[in-house]
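Asker: The following block contains the structure, expressed as structure tokens.
The values are calculated or read from the model by the stated rules, or taken from the named source; none is laboratory data. This structure is a prediction, so every number in the text was calculated from the model and none was measured. Reconstructed Cβ throughout: ideal geometry from the backbone, glycine too, with neighbour counts over all protein chains shown. SASA here: full protein model, heavy atoms, side chains in, ligands and nucleic acids out. Shrake-Rupley method; radii C 1.70, N 1.55, O 1.52, S 1.80 Å.
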Amino acid sequence: EDPKLLEAFEARVTADEFIEPKDWMPEAYRRTLTRQISQHAHSEIVGMLPEGNWITRAPSLRRKAILLAKVQDEAGHGLYLYCAAETLGTSREEMVEALHSGKAKYSTIFNYPTLTWADIGAIGWLVDGAAIMNQVPLQRTSYGPYARAMVRICKEESFHQRQGYEIMIAMANGSSDQKRMAQDALNRWWWPSLMMFGPPDADSPNTAQSMRWRIKRETNDELRQKFVDITVPQAEFLGLTVPDPDLKWNEEKGGYDFGEIDWDEFYAVVKGEGPVAKERMTARREAWEKGAWVREAAAAHEEKRRARKAA
Ligand code: ACO
């Protein structure tokens with residue numbers, strides 16, 4: 001690679017200019033962005049499954065309408081992100097194929113089961129809460145199409161977080177059974193939510209370079225700490241207990257100290273050994289296969305339309 005081009009590129013990044021699809025960029029920048037954006041897109045798409053599972057069982061029409069809208073939003077997020085990744089030169093077909101063949105990663109969080117309605121509250125509150133914490137800084141990521149996709153995604157994500165917290169408020173102030181379900185959901189989703197931010201900075205192979213290129217604007221550990229600091233008072237407001245005996249306010253650092261994350265569990269889930277990883281991928285592949293006729297019909301329609309226009 002031409003050192004002059006590289007130098008000019010790095011100067012633009014340092015000046016907080018957006019890099020656009022037709023601009024020159026180092027191959028490693030293109031590769032790592034394609035990796036991150038496509039994993040992000042896959043997470044949005046696979047993320048529809050744990051919640052989609054509850055659409056038919058939502059406890060009221062209002063809850064059902066909200067959940068349906070939220071799951072549709074996730075599909076939209078996946079599509080913007082695939083488009084953003086495509087501008088870097090990989091086709092959507094290639095990305096989807098990588099997901100379905102098990103080559104591509106998606107967030108570990110979606111390989112845990114949703115056992116009760118309280119899980120839908122906990123996912124909105126914790127999982128979407130963690131997603132926002134990670135995504136707000138990505139609105140200033142150095143690649144233009146990714147940054148712009150993030151603006152709308154963050155707006156919708158913040159509605160998702162609120163709807164989840166509102167479910168938790170209802171459950172935590174409901175009957176003793178509902179409160180128990182809310183606590184149980186917090187117990188099961190707390191640690192996996194902290195894992196969403198990725199490995200500790202010291203063990204994160206991508207962070208240093210991604211910070212230099214301003215793809216990431218904050219590190220995994222910084223975002224995880226912020227998430228804990230914001231979320232613990234929310235749990236207190238609900239009257240629920242965060243399942244971490246080592247959680248303690250640290251006056252000096254102005255944040256919470258928290259217990260050790262089970263990184264063996266994290267790496268096992270990354271490798272595809274999550275509790276419902278197989279079900280998730282089977283559901284994804286089935287949806288893709290069953291939807292083939294829709295894609296074919298849309299393509300045939302488009303071809304006819306074009307032929308008619310040309311005639
Ligand atoms: N689940 C699955 N894989 C993960 C996770 C996780 N929670 N955290 C890290 N990894 C993977 C990384 O993808 C990387 O693997 P790779 O090199 O094969 O791609 C490896 O573990 C090492 O991690 P890092 O070096 O820390 O990787 P990176 O710098 O990409 O940071 C992070 C990971 C924080 C997830 C980053 O990619 C990111 O910010 N992505 C955008 C946000 C996102 O994907 N959110 C998805 C969940 S939220 C939602 O969709 C609702």
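Asker: Would you check if there is a residue in segment 79-101 being modelled with pLDDT of 95 or more, within 14 Å of the ligand (Cβ to nearest atom), out of contact with any helix residue (DSSP H, G or I) (no Cβ under 7 Å at 6 or more places or on another chain) and open to solvent by 60 Å² or more (accessible area, probe 1.4 Å)?
Answerer: Looking through segment 79-101, at least one residue is modelled with pLDDT of 95 or more, within 14 Å of the ligand (Cβ to nearest atom), out of contact with any helix residue (DSSP H, G or I) (no Cβ under 7 Å at 6 or more places or on another chain) and open to solvent by 60 Å² or more (accessible area, probe 1.4 Å).
Asker: Can I ask one more? Considering only residues that are assigned to a helix (DSSP H, G or I) and either among the basic types (K, R) or surrounded by 15 or more Cβ atoms within 10 Å (Cβ to Cβ) (or both), which ones fall in segment 240-278?
Answerer: Listed by number, the residues that qualify are E265, F266, A268, V269, V270, K271, A277, K278.
Asker: Taking F237, is it more than 11 Å from the ligand (Cβ to nearest atom), under 15 Å from P137 (Cα atoms) and part of a helix (DSSP H, G or I)?
Answerer: No; evaluated as a whole, the condition is false for this residue.
Asker: Quick one: is G78 under 18 Å from A149 (Cβ atoms) and touching an Asp or Glu at 6+ places or on another chain (Cβ under 8 Å)?
Answerer: yes
Asker: Can you tell me which of K70, K64 is open to solvent by less than 40 Å² (accessible area, probe 1.4 Å) and farther than 30 Å from V13 by Cβ?
Answerer: Residue meeting the stated conditions: K70.
Asker: Here's a check for you: in segment 272-311, which residue that is acidic (D, E) and more than 26 Å from the chain's Cα centre (by Cα) is nearest to P113 (Cα to Cα)?
Answerer: E296
Asker: How about segment 226-237: which of its residues are open to solvent by less than 10 Å² (accessible area, probe 1.4 Å) and either touching a residue at least 60 places away in the same chain (Cβ under 8 Å) or farther than 20 Å from G259 by Cα (or both)?
Answerer: F227, T231, listed by residue number.
Asker: Assuming L61 fulfils every condition listed in (1) within 20 Å of E279 (Cβ to Cβ); (2) free of Cβ contacts under 8 Å to residues at least 40 places away in the same chain apart from one, which condition is it?
Answerer: L61 satisfies every listed condition except (1).
Asker: Continuing with this model, one more query. Would you tally the residues in segment 187-207 being more than 13 Å from the ligand (Cβ to nearest atom) and open to solvent by 60 Å² or more (accessible area, probe 1.4 Å)?
Answerer: The number of residues fulfilling the criteria is 2.
Asker: Here is a further query. Of these, Q139, Q135, which one is within 11 Å of the ligand (Cβ to nearest atom), surrounded by fewer than 22 Cβ atoms within 10 Å (Cβ to Cβ) and either modelled with pLDDT of 95 or more or more than 17 Å from S43 (Cβ to Cβ) (or both)?
Answerer: So the residue among Q139, Q135 that is within 11 Å of the ligand (Cβ to nearest atom), surrounded by fewer than 22 Cβ atoms within 10 Å (Cβ to Cβ) and either modelled with pLDDT of 95 or more or more than 17 Å from S43 (Cβ to Cβ) (or both) is Q135.
Asker: Would you check which residues across segment 115-132 are open to solvent by 10 Å² or more (accessible area, probe 1.4 Å) and over 12 Å from the mean Cα position of the chain (by Cα) and list them?
Answerer: L115, T116, W117
Asker: A further question on this structure: Quick check: anything in segment 208-225 within 24 Å of K271 (Cα to Cα), away from the ligand (no atom under 14 Å from the Cβ) and open to solvent by 10 Å² or more (accessible area, probe 1.4 Å)?
Answerer: Within segment 208-225, none of the residues are within 24 Å of K271 (Cα to Cα), away from the ligand (no atom under 14 Å from the Cβ) and open to solvent by 10 Å² or more (accessible area, probe 1.4 Å).
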